[in-house]
Amino acid sequence: MFASRTPGQKKALYRRIAELLGENPGIRPEDVFVNVLDAPAENWSVGNGIAQFA
C-alpha cells in the first residue's frame, strides 16, 4: 500500500477485513490483527525488473 491512503481509508480497510473474516471463516474480530506497511513507490517492482511506480 502506498502512502497515498488517508488514515480514514486505512481504518475502513481494517474494519472491513475484520467484518469479512468474521463472516467467513468465522474469526472473532478481536482476534484479527492488521499491519499495513507504507512503502515508497520506487521500492516496488512487479515484474520484468522494472520499477513501474517510480
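For beta carbons closer than 7 Å, sequence separation of 6+ or different chains, a first residue in the range 6-22 that is within 19 Å of residue 38 (Cβ to Cβ) and a second that is among the β-branched types (Val, Ile, Thr), the qualifying pairs are 10/36; 14/34; 17/32; 17/34. Checking the range 2-19 against the condition returns a match, with at least one residue being β-branched (Val, Ile, Thr), assigned to a helix (DSSP H, G or I) and surrounded by 12 or more Cβ atoms within 10 Å (Cβ to Cβ). For the range 29-44, taking the residues that are assigned to a loop (DSSP other than H, G, I, E, B) and modelled with pLDDT of 90 or more, the one that is farthest from the chain's Cα centre (by Cα) is identified as 32.
The values are calculated or read from the model by the stated rules, or taken from the named source; none is laboratory data. Predicted model only: the values in this text are computed from it and were never measured. Note that each Cβ is placed from the backbone with ideal geometry, even for glycine, and that neighbours are counted across all protein chains shown.
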